[in-house]
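A.B. asks: Structure provided below as structure tokens; questions to follow.
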Amino acid sequence: MSIFIKYYKSGGLNVAFSNKIWRYNSTSADMAINKGEEEEEFRVLDILKKRQRQQRRVNRRADVQPDRADRMPTDQNWGNVWPGPKTFHPSSVPLPLRQGYVPKGQAPPGKKANAELMKIPNFLHLTPPVIKAQCEAIKQFCTEWPKLLNSEEAIENHYPVEIITSDYCHASPSIRNPLARIVTLRVKLSTLKLDQHARDKFIRLVGERYDPETDLVTITADRCPIRKQNQDYVNYLLTACYHESWNFEEWEREKMEEDMEYYNWDKNPSKRSLVNWYLKTQNQSKELSDEEYSNYDVSQIPNGEEYKVAVSSYMNDGESEGTVEKYGEAVRKLLGLPQKKVVS
Amino acid sequence: MISRSWRNLCRRYSQTVTFRTTESSPSQHNEKQIGLFYSVNHDLCKQLFAYGGLPKSFAKQTKTFTETAIMVRQPALDLIDCIKASDFNKPVIRYVMYGEKGSGKSLTLAHLLHYAYEEGYLIVHVPWVSEFLRRVPRHKEMSNSQTREGFVDLPLDVAAWLLHFKTQNQVLLKNTELKISRDYVWSKRESTVAGSPLSQLVEHGINRVKYACDVLDALVYEIKQLSNSKQCKTFVAIDGFNGFFCPLTRLHTPTKKKVKPEEVTLTGSFLELAKNDWSNGVVVVTADQLALPDDHQDSYLPRYLLYKKGFELLDPFVPIEVGRYTDKEFLSCASYYRDRLWLRGPPEIETELKFTSACNPYKFMEQCAPL
């Protein structure tokens, strides 16, 4: 009987009819058979409840959206994404950044949850196009650059005094920085109207603030609490030094040869010995006074001028192999000796 | 035995070719002989340098090498050229030799002394100024000057120097033409009359040590007079001249006061010779770092070493640098040392020595010593 049923289960439409018929007929018989099977089967005691465990549902996560950084279009306006200074945020920056301690054989930590990247200040809000756009925006408030100030020299010529200050910008409760009060004034000494005496005195007055290599006088003031005060003070110092250097005090006449800041050949024994030597070669023996010595015209001595230059540079430029050699050449010319032969 | 004589023969043969010149007269030396050695006659050496003049280490070496061989170098030739070209009617020309320690200033001076001797100059040679002023043996004879107030005499040193002067000029001093121009009265009984020979003055200084310093003063004056009157030409050579200008000497007066160089009488006498107020002479001085205290040896250039005083005294002078060996000189010197068996070993050693000694003659000699 069961064979029959199987056959008719796998049958087509035409079988359906007969199925119906047979069902009505064999209802009672089927019931009897099912009862008999249930009674025959053993129930299994499932102590470890293996089946249930297998059947436990796997918790599926809800679908995560892809990172914002990955979804950014390549032609977006970056200035809109990162308009102002802020701490680093990985999802807003579509760059494969890595930063931090590098374990051996591994790459540095990535940008996500990376405290190192968040600690450091970033300039993502100051990209060149953004700066350009901001400059364009400010331009309407600017005045035109003077046409005559077209070169560094022109600027230096018209505005010789340079004032240097520093502004500080930081995120703290106070926006004041004490270092902002410091004012530095820089001016080229050659732009000041000074004569020889005044120049010498000015250099002595400013002391180490004058740099002979660059010819710059640098005056720095930080003693007053406010920048304006310091700036006034710096200007005052420059003015005071300038006018003081033009004053001639009575005691300045006592300046001796040893106090000279440079070697003045005309007032030194070197000239005296040269003149004496020259007079002796001319078989004249004259006693000259100091005045006559310093006013003696060297150009009448053959090669005397060159000797003067050589000795002055020897003394003023400091002693070196070069200056000694020059001095030697000048002396040989003066005394009429053959020049040193160059050894091949 | 045969092989030894063969080796000697080889050595002698090589001598003539590479590093030696047979020209033993300095006045004949020229550029072709630069870097070559010439040997000085033993007797002459004794006469010129018996009381100093050669550096100690070199003197020792001459004993080892059984000859006094001096290298012909550019500075000496340069100076000889200048002397030949100079006009002796004009005031004397001062030459200052300078150079690093051990570069051969003193030996160049020795070469020039030989030249001066051959040319018949009256030689006034101070072997080493610091010998007077800075070297203080246990018993340094020192006395206050009788003639000049506040000055200090070094009679024994001066007498020794007079002896040196006498030996160097023994030939010239025999010439009785050199007469003194003034009367010198030393004491009631002792005096030297005008017209007596110069040698008598020198003898007096040596025999009567007490008056040695005064004799030196007189001698300097007379030499200047004689040179001016063309009776002799004078070659003044002072080694370590800058020693006269150092701030203090190592001498003490009995009252423990330190003596300055200008308070020593002999300083004044020798400085008088270095002035250019006389003619018919040559003055060659050296400026040496070793003549000064340790704290003033930073540079080897003349202005630094001579101080302001010395520079002003000598100006205008002709500076002459005595430098390190050139390549040619170094090779020649190395082959000379090889010949004298002072240097042995493979030929590569020379490159190394050249590097380690930096071509400094003294250092090269020192470094070859243990090889």
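A.B. asks: Scan (1) at pLDDT 85 or above; (2) of a type in the set (D, E); (3) in a loop (DSSP other than H, G, I, E, B) for the single condition A:E287 breaks and write down its number.
C.D. replies: Unmet condition: (1).
A.B. asks: How about the stretch B:339-348: which of its residues are of a type in the set (A, V, I, L, M) and surrounded by fewer than 15 Cβ atoms within 10 Å (Cβ to Cβ)?
C.D. replies: Correct list: B:L341 only.
A.B. asks: Being at negative phi and in contact with a Gly (Cβ under 9 Å, 6 or more places away or on another chain) is the requirement here; does A:A310 meet it?
C.D. replies: So A:A310 passes the test.
A.B. asks: Only residues that are assigned to a loop (DSSP other than H, G, I, E, B) and modelled with pLDDT of 90 or more: list them for the stretch B:300-319, please.
C.D. replies: Scanning the stretch B:300-319 gives B:Y300, B:L301.
A.B. asks: Looking at the stretch A:267-300 only, could you name the residues that are over 16 Å from B:D277 (Cα atoms), of a type outside the set (V, I, T) and surrounded by 16 or more Cβ atoms within 10 Å (Cβ to Cβ)?
C.D. replies: A:N268, A:Y293, A:S294, A:Y296
A.B. asks: Quick test for you: out of B:T22, B:T64, pick the one residue that is part of a helix (DSSP H, G or I) and either modelled with pLDDT under 85 or of a type outside the set (G, A, S) (or both).
C.D. replies: It is B:T64.
A.B. asks: Of all the residues that make up the stretch B:274-311, how many are within 8 Å of chain A (Cβ to nearest Cβ) and aliphatic (A, V, I, L, M)?
C.D. replies: Of the residues in the stretch B:274-311, 1 are within 8 Å of chain A (Cβ to nearest Cβ) and aliphatic (A, V, I, L, M).
A.B. asks: Which numbered condition trips up A:L238, out of (1) within 14 Å of chain B (Cβ to nearest Cβ); (2) touching a residue at least 24 places away in the same chain (Cβ under 8 Å)?
C.D. replies: Every condition holds for A:L238 apart from (1).
A.B. asks: Exactly one of these conditions fails for A:E305: (1) buried (at least 17 other Cβ atoms within 10 Å of the Cβ); (2) closer than 19 Å to A:Y327 by Cα. Give me its number.
C.D. replies: Of (1) buried (at least 17 other Cβ atoms within 10 Å of the Cβ); (2) closer than 19 Å to A:Y327 by Cα, only one is false for A:E305: (1).
A.B. asks: For B:K84, work out the one condition from (1) touching a Gly at 6+ places or on another chain (Cβ under 7 Å); (2) farther than 29 Å from B:L154 by Cβ; (3) assigned to a helix (DSSP H, G or I) it doesn't fulfil.
C.D. replies: Single failed check for B:K84: (1).
A.B. asks: Tally up the residues in the stretch B:339-365 that are without any contact (Cβ under 8 Å) to a residue 60 or more places away in the chain and either hydroxyl-bearing (S, T, Y) or more than 14 Å from every other protein chain (Cβ to nearest Cβ) (or both), please.
C.D. replies: Here the count works out to 18.
A.B. asks: Next question. Within the group A:S320, A:S312, A:S299, which residue is facing chain B (nearest Cβ under 9 Å) and farther than 15 Å from B:V96 by Cβ?
C.D. replies: A:S320
A.B. asks: Considering only residues that are facing another protein chain (nearest Cβ under 8 Å) and either open to solvent by less than 10 Å² (accessible area, probe 1.4 Å) or closer than 25 Å to A:V342 by Cβ (or both), which ones fall in the stretch B:312-338?
C.D. replies: B:D315, B:P316, B:F317, B:V318, B:P319, B:I320, B:E321, B:T326
A.B. asks: In the stretch A:209-223, is there at least one residue being within 30 Å of A:L288 (Cβ to Cβ) and away from chain B (no Cβ under 14 Å)?
C.D. replies: No, that holds for no residue.
A.B. asks: Out of the residues in the stretch B:109-135 that are among the hydrophobic types (A, V, I, L, M, F, W, C) and in a helix (DSSP H, G or I), which is farthest from B:C45 (Cα to Cα)?
C.D. replies: Step by step, filter the stretch B:109-135, then rank; the result is B:L133.
A.B. asks: Under 7 Å by Cβ, and 6 or more places apart or on different chains, what pairs join a residue from the stretch B:297-321 that is closer than 12 Å to B:A274 by Cβ with one that is outside any helix (DSSP H, G or I) and of a type in the set (V, I, T)?
C.D. replies: B:L314/B:V96; B:F317/B:V96
A.B. asks: Sticking with this structure for a sec: For B:N276, all conditions in the list (1) farther than 18 Å from B:S106 by Cα; (2) in a helix (DSSP H, G or I) hold save one; what is the number of the exception?
C.D. replies: (2)
A.B. asks: Need pairs with beta-carbon distance below 8 Å; first residue not assigned by TED's automatic domain parsing to the domain that holds A:V187 and within the stretch A:137-155, second part of a loop (DSSP other than H, G, I, E, B) and open to solvent by 100 Å² or more (accessible area, probe 1.4 Å); sequence gap 6+ or separate chains.
C.D. replies: Between residues of the stretch A:137-155 that are not assigned by TED's automatic domain parsing to the domain that holds A:V187 and residues that are part of a loop (DSSP other than H, G, I, E, B) and open to solvent by 100 Å² or more (accessible area, probe 1.4 Å), the close pairs are A:A154/A:L148.
A.B. asks: Additional query: What's the number of the condition B:L36 fails, among (1) buried (at least 20 other Cβ atoms within 10 Å of the Cβ); (2) assigned by TED's automatic domain parsing to the domain that holds B:L343; (3) under 17 Å from the mean Cα position of the chain (by Cα)?
C.D. replies: Status for B:L36: all satisfied but (3).
A.B. asks: Being open to solvent by less than 10 Å² (accessible area, probe 1.4 Å) and in contact (Cβ under 8 Å) with a residue 12 or more places away in the chain: is that true of B:I123 here?
C.D. replies: Against the criterion (open to solvent by less than 10 Å² (accessible area, probe 1.4 Å) and in contact (Cβ under 8 Å) with a residue 12 or more places away in the chain), B:I123 qualifies.
A.B. asks: Search the stretch B:231-278 for residues being touching a Ser or Thr at 6+ places or on another chain (Cβ under 8 Å) and among the basic types (K, R), and hand back the single one that is surrounded by the most Cβ atoms within 10 Å (Cβ to Cβ).
C.D. replies: For the stretch B:231-278, the residue satisfying everything is B:K233.
One line per residue, one yes/no per condition, for (1) outside any loop (DSSP other than H, G, I, E, B); (2) touching a residue at least 40 places away in the same chain (Cβ under 8 Å):
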position: B:E177; (1), (2): no, yes
position: B:K188; (1), (2): no, no
position: B:E203; (1), (2): yes, no
position: B:V215; (1), (2): yes, yes
position: B:S227; (1), (2): yes, yes
position: B:Q231; (1), (2): no, yes
position: B:F235; (1), (2): yes, yes
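A.B. asks: I've got another one for you. Being open to solvent by 100 Å² or more (accessible area, probe 1.4 Å), modelled with pLDDT of 90 or more and hydrophobic (A, V, I, L, M, F, W, C), is that true of even one residue in the stretch A:2-9?
C.D. replies: no
A.B. asks: Something else: With the requirement that a residue be open to solvent by 40 Å² or more (accessible area, probe 1.4 Å), assigned to a helix (DSSP H, G or I) and not hydrophobic (A, V, I, L, M, F, W, C), what does the stretch B:279-299 give you?
C.D. replies: Of everything in the stretch B:279-299, those that are open to solvent by 40 Å² or more (accessible area, probe 1.4 Å), assigned to a helix (DSSP H, G or I) and not hydrophobic (A, V, I, L, M, F, W, C) turn out to be B:D294, B:D295.
The values are calculated or read from the model by the stated rules, or taken from the named source; none is laboratory data. Predicted model only: the values in this text are computed from it and were never measured. FYI the Cβ positions are ideal-geometry reconstructions off the backbone, even for glycines, and counts take in every protein chain you see. Accessible surface is based on the protein model in full, side chains and every heavy atom, while ligands, DNA and RNA are left aside. Shrake-Rupley method; radii C 1.70, N 1.55, O 1.52, S 1.80 Å.
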